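The structure appears right after this line, and notes come after that.
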């Protein structure tokens, strides 16, 4: 008679989801919200989320330890085995109250069912040796570990930030990216704060934004829209746009467009466009949950000459970008992105911004934003526009109140590098003088 060995559902799901993210290039948020996870008990869903995001955030640190524990090059290890070893080591080294024996036993069983014959013995040996020696707890481990490994960053990105921000500031920021993001949402309706859960507080910077101290908002009436605090801030940089005619040129999924619609008021007019018809369709659902200006949705390529006969009071170009400012919520990006891709993004962004500039009326405003930390996508794109379009000048936003603390000497908004647990956004506000 054989024995039936049960693998903890959370560990099995974590392996399945990380396999999809690492080897099939799935997005972490899509993979975590898949049926593999949604069918689990709430406690297991929470554990899976912690394991997956923790493993992705600390991948370089985990690989450094694992590479020192095997006798061959880490890159030659079967990719599925690497995924299994990473998520197991993460639980052993960086999670409290997780018994090593439970992690190792489940890892061995997962190896038997998912890896090549003989791999289970390899996994068992590596993890048992690491559990016994625990090199990460040694007094000299931190001293000998390269700094980009200590903060778990790719070397190329660490070198950029070290040179630009300074070592101490870059280190503080990189470590903050290995923490979960601050949960934030926007409440669609006038509801008194006392009607919210006690773990919710209003943002001290972004009007209408609420922050959740622990987990996600619950026990609410009405409607809420989950949206990062820095993302919610971007539309406020225009200042007052009551009654304005506004174009949101790259609007999907529609979170910023919904705020623009509210701020334009019933006398305003908002056109929201996106290149992808499916994304434009989903944006319609988002905008239907907000109130305010007359709103039209358009499927259009913002890189081409604008199709409008009128010019706008305000144009937002929140352009597609590398996403390097979203590493808290999308940590897989830092392991996938290649620095040579920055040039490709920059060229596309410059074309979009130039097109958007042509739709701004005299005296109107042009707002450029990205969720990237890199100058090729940010300052260099804006400076290129100002050189080729001398009718525009850069101005310092004066809205929302308190924004001056987040502006640099040129008046550009940045939410990075900062230990504040929001996304890393860049924005530049320009005015057309003629």
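The values are calculated or read from the model by the stated rules, or taken from the named source; none is laboratory data. Note that the coordinates shown come from a computational prediction; the quantities given were computed from them, not determined experimentally. A quick note on method: Cβ atoms are made from the backbone with ideal geometry, for glycine too, and the neighbour counts reach across all protein chains shown.
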Q. For region 178-274, which fully contained strands (runs of 3 or more DSSP E) count at least 1 residues that are modelled with pLDDT of 95 or more?
A. 245-248, 269-274
Q: Confirm whether residue 148 is in contact (Cβ under 8 Å) with a residue 12 or more places away in the chain, assigned to a helix (DSSP H, G or I), surrounded by 18 or more Cβ atoms within 10 Å (Cβ to Cβ) and in contact with a helix residue (DSSP H, G or I) (Cβ under 6 Å, 6 or more places away or on another chain).
A: yes
Q. Checking residue 381 against (1) under 18 Å from residue 412 (Cα atoms); (2) surrounded by fewer than 19 Cβ atoms within 10 Å (Cβ to Cβ), which single condition isn't satisfied?
A. (2)
**Q.** Test for residue 356: is it over 21 Å from residue 169 (Cβ atoms) and over 18 Å from the mean Cα position of the chain (by Cα)
**A.** yes
Q.
Of the residues 332, 305, only one is in contact (Cβ under 8 Å) with a residue 40 or more places away in the chain and buried (at least 19 other Cβ atoms within 10 Å of the Cβ); which?
A. 332
Q. Quick one: would you say residue 102 is farther than 23 Å from residue 150 by Cα, over 24 Å from the mean Cα position of the chain (by Cα) and surrounded by 18 or more Cβ atoms within 10 Å (Cβ to Cβ)?
A. no
Q: Go through region 275-296 and give me each residue that's under 13 Å from residue 247 (Cβ atoms), free of Cβ contacts under 8 Å to residues at least 40 places away in the same chain and touching a helix residue (DSSP H, G or I) at 6+ places or on another chain (Cβ under 6 Å).
A: 295
(Q) Quick check on this structure: which one of 372, 418 is under 26 Å from residue 176 (Cβ atoms), buried (at least 22 other Cβ atoms within 10 Å of the Cβ) and within 21 Å of the chain's Cα centre (by Cα)? (A) 372
Q. Looking at region 313-321, is at least one residue at pLDDT 95 or above, in a helix (DSSP H, G or I) and in contact with a helix residue (DSSP H, G or I) (Cβ under 9 Å, 6 or more places away or on another chain)?
A. no
